[in-house]
Protein chains: 2
Amino acid sequence: MTASASASASASPSHVKVHIPLGPSGYDIHIGSGLLGQASSYAGLPPSAAALIVTNPTVAALYLPPLREALAAHHREVHVVELPDGEAFKDAASLNLIFDALLRHGCDRRTLLYALGGGVVGDIAGFAAATYMRGISFVQVPTTLLAQVDSSVGGKTGINHPLGKNMIGAFHQPLRVVADLATLATLAPREVTAGLAEVIKYGPIADAAFLDWIDARLSDLRAGDLAALAHAVQRSCEIKAAVVAEDERESGLRAILNFGHTFGHAIEAGLGFGAWLHGEAVGCGMVMAADLSARLGLIDPAYAARIAQIVQRAGLPVKAPALGADRYLELMRLDKKSQAGQIRFVVITEPGRAAVREAPDALVRDVIAAHCA
Amino acid sequence: MTASASASASASPSHVKVHIPLGPSGYDIHIGSGLLGQASSYAGLPPSAAALIVTNPTVAALYLPPLREALAAHHREVHVVELPDGEAFKDAASLNLIFDALLRHGCDRRTLLYALGGGVVGDIAGFAAATYMRGISFVQVPTTLLAQVDSSVGGKTGINHPLGKNMIGAFHQPLRVVADLATLATLAPREVTAGLAEVIKYGPIADAAFLDWIDARLSDLRAGDLAALAHAVQRSCEIKAAVVAEDERESGLRAILNFGHTFGHAIEAGLGFGAWLHGEAVGCGMVMAADLSARLGLIDPAYAARIAQIVQRAGLPVKAPALGADRYLELMRLDKKSQAGQIRFVVITEPGRAAVREAPDALVRDVIAAHCA
């Protein structure tokens, strides 16, 4: 796959745009430092009297004032709803807080919803936009590395159910994404590290040269070097855009973006959502999925070891929690990629190429045994 | 608008198919007596090991055994979830019963969901299908006249919110609709009458000749004459199909299907959902909207009076509850068609033609005063 083919990037010193080519649902990701508080970042969106900003208290303390000010140029009324912070609150109760706010303020179908925060805020707010009055428009303003490189592309929205992660949701594309790199400076190191998991992911599945680049710039990325982060965000979005453009509704190719996620979701669900950050679980999950790929004879064990080493150097966990193999298998059978009880894993078939495969339970148990703490 | 142009019907003595032309989301409505319990009604759907029937206890007592038997030919496992019966339960709690059942049975993305019942079951089940794992397929088996002529076409799904009817939802087209006319024989007369409201609606908004036919066959329809009902269901679905095909996402034309619904929803919300049946509120709402059309100078008052007379002869209420004009206006401003606080009414511009218009509050108050009990 030539991942860059269907995503075009126009560069200026401080501001890059990546276009997500989805026909009438296509949109741009604006990437740059300081974009969040600039009124021009929101120019050209459809006129709307009212806006609702969805955020959480942590993010609001830092970025609500500049966003409010920037939006005042575009909307007569700017309302705000704050959701409790954390993956544990990515649930129906938080979703309802948004509906309540929209209805209490008499928001109609033209209301523009802004998701200011990380992946949790983006996923819940996007799902609220997908389902309020059967669909209103929304803008993503992601403030974490994970959200900028992952959830800002592809239109996946949703909430967790007590019996499974992201079980309830919809595909709903934002009108625009404003990815302000300056927000990454206020992230806890653990959050940056968690975001790097999804950046690393794009290498093995789609762009072997990008993995080399990550390998070389890993300490710059961890240190918050803006130029390195800008490239990482841009290239990640380009690769995801190319994959999503070929398969908006995840009927085939798009599933490769879930590399590391089958094991990762089992870790998250098994420990209780929120114990590990999503990116941490994906990091460890990639190590396990790479190992599975090697055990299936698809890649050289040395390539799996290299992925594990990069994951570890990024500061991500490489030892999985000891949930027991039975519990892992049970949780993975609930994965959305499963079909008729058969777990389907994203495996690496060669550096920069991935596919979805089933695997014998015995082999999966070997992988679990090899990687549990 | 030539309403029949984009819907094609193929007739056989006992079985008519109306095609809903929505490109890749297009589907057929099978109309006939006894279809529900015939395995052949479900032939050709995508293969799926598991099915989940969503229904309610009232409908289950009558039609669950024949549907289960018919589906046994197509699915290895057929699960059932029963929702509490009634519009008052078209809420997030009922929706969750479906998610719980899907997850408890380990249902994957290929699971086929069957909505067996009236509009409430269809709307909730359709919304569950729209959002479970970001979308699974579903089949409508409508057992009320209202559901057969209205919710079976167009893919509107959703639930009510304490602050407004159908506020949370999605567009999600079924794979097929199986409209068994025999189920109408077990409907309470009040339910048949409520369904007639939506049948009558199609005349003034799209087909003046159909209103003449309804006028002539009203007593047959009320008496449950199968031939008359077959034509009413078929013609209603054809008209709705033509409108929806031109405007799947309700950006313009499709709003005319809400003739009578702006006043009607205010009646339902003002009295508390469930006090009046939806069709009853729409019937009375059409009388008010027709009067508004006349007061706006769009149609002859005699045509508005004729609509009122047909609504009354159908057994529907023509006197609105005395909620007070202020409350009506407040409730109508919450309508999904409202824009920036301006209520937008569906009005008749000539027999068989409708449009969406704003109206001076004073005129709306006159209409309310003239029709309140």
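To check my understanding: the extent here is largest minus smallest coordinate of the Cα atoms along each principal axis. What are those three numbers for region B:189-371, in Å, largest first?
Taking max minus min along each principal axis of the Cα atoms, region B:189-371 gives 44, 33, 30 Å.
What does the convex hull of the Cα atoms come to per residue for region A:115-164, in Å³?
Roughly 78 Å³ of hull volume per residue.
Obtain the radius of gyration and the Kirkwood radius of region A:76-131 from its C-alpha atoms and give Rg over Rh.
So for region A:76-131, dividing Rg by the Kirkwood Rh gives 0.93.
What is the distance in Å between the Cα centres of region B:119-159 and region B:201-235?
Going from one Cα centre to the other spans 24 Å.
Once phi is turned into ³J(HN,Hα) by the Karplus curve 6.51 cos²θ - 1.76 cosθ + 1.60 with θ = phi - 60°, what whole-Hz value does each residue of region A:97-114 show in order, with x for glycine and proline?
Rounded to whole hertz, the list is 4, 5, 4, 4, 5, 4, 6, 4, 8, x, 5, 9, 5, 8, 4, 9, 9, 10.
Is region A:9-186 rounded, prolate or oblate when judged by the Cα gyration tensor, a ≥ b ≥ c being the square roots of its eigenvalues, rounded requiring a/c under 1.5 and prolate requiring a/b larger than b/c?
Rounded.
Report the per residue volume, in Å³, of the convex hull enclosing the C-alpha atoms of chain A.
119
Highest mean first, what order results for B:319-326, A:30-37, B:176-183 on Cβ atoms within 10 Å? Don't jump to the answer; show the numbers that get you there.
Details: B:319-326: 15.5, A:30-37: 19.9, B:176-183: 23.5.
Sorting B:319-326, A:30-37, B:176-183 by mean packing, highest first, produces B:176-183, A:30-37, B:319-326.
I need A:MET286, B:MET332 ordered by Cβ neighbour count within 10 Å, fewest first.
With the fewest neighbours first, A:MET286, B:MET332 line up as B:MET332, A:MET286.
Work out the P(r) tail for the protein assembly as shown: percent of alpha carbon pairs separated by more than 52 Å, whole number. Please list the in-between numbers first.
Numbers: 44544 of 277885 pairs.
Value for the protein assembly as shown: 16 percent of Cα pairs lie more than 52 Å apart.
Take the residue pairs B:LYS17/B:LYS336; A:LYS156/A:LYS319; B:LYS201/B:LYS337 and return only those whose Cα atoms are more than 21 Å apart.
B:LYS17/B:LYS336; A:LYS156/A:LYS319
Using every pair of alpha-carbon atoms in region A:45-118, split the distances into 5 Å bins beginning at 0 and state the percent of pairs per bin, rounded to integers.
Bin by bin from 0 Å, the calculated values are 3, 16, 28, 23, 19, 9, 2.
Report, by chain and number, residues whose modeled amide H sits under 5 Å from the one on A:SER33, excluding near sequence neighbours (fewer than 5 apart, same chain).
Hits under the 5 Å cutoff: A:LEU181.
Which ordering of B:HIS265, B:HIS231 is given by a fewest-first count of other beta-carbon atoms within 10 Å? Please report the intermediate quantities before stating the final value.
Numbers: B:HIS265 25, B:HIS231 19.
Fewest to most other Cβ atoms nearby, the residues stand as B:HIS231, B:HIS265.
Mean residue ellipticity at 222 nm from the helices of chain A, using -39,500 (n - 2.57) per DSSP H segment of n ≥ 4 over the full residue count, to the nearest 500 deg cm²/dmol?
-13500 deg cm²/dmol
Quick check: pseudo-label points 7 Å beyond the Cα along Cα→Cβ at A:ALA362 and B:GLU77, how many nm apart are they?
Distance between the two pseudo-spin positions: 2.6 nm.
Taking amide hydrogens as modeled 1.01 Å from N in the peptide plane, which residues meet the under 5 Å criterion relative to B:LEU113, leaving out close sequence neighbours?
B:LEU52, B:SER137, B:PHE138, B:VAL139
Quick check on chain A: of the DSSP beta bridges with both residues there, what percent are antiparallel, nearest 5%?
Rounded to the nearest five, the antiparallel share is 50 percent.
Bear in mind that the values in this text are calculations on the coordinates, not laboratory data. Owing to the predicted nature of the structure, the values given are computational and were not obtained by experimental measurement. Reconstructed Cβ throughout: ideal geometry from the backbone, glycine too, with neighbour counts over all protein chains shown.
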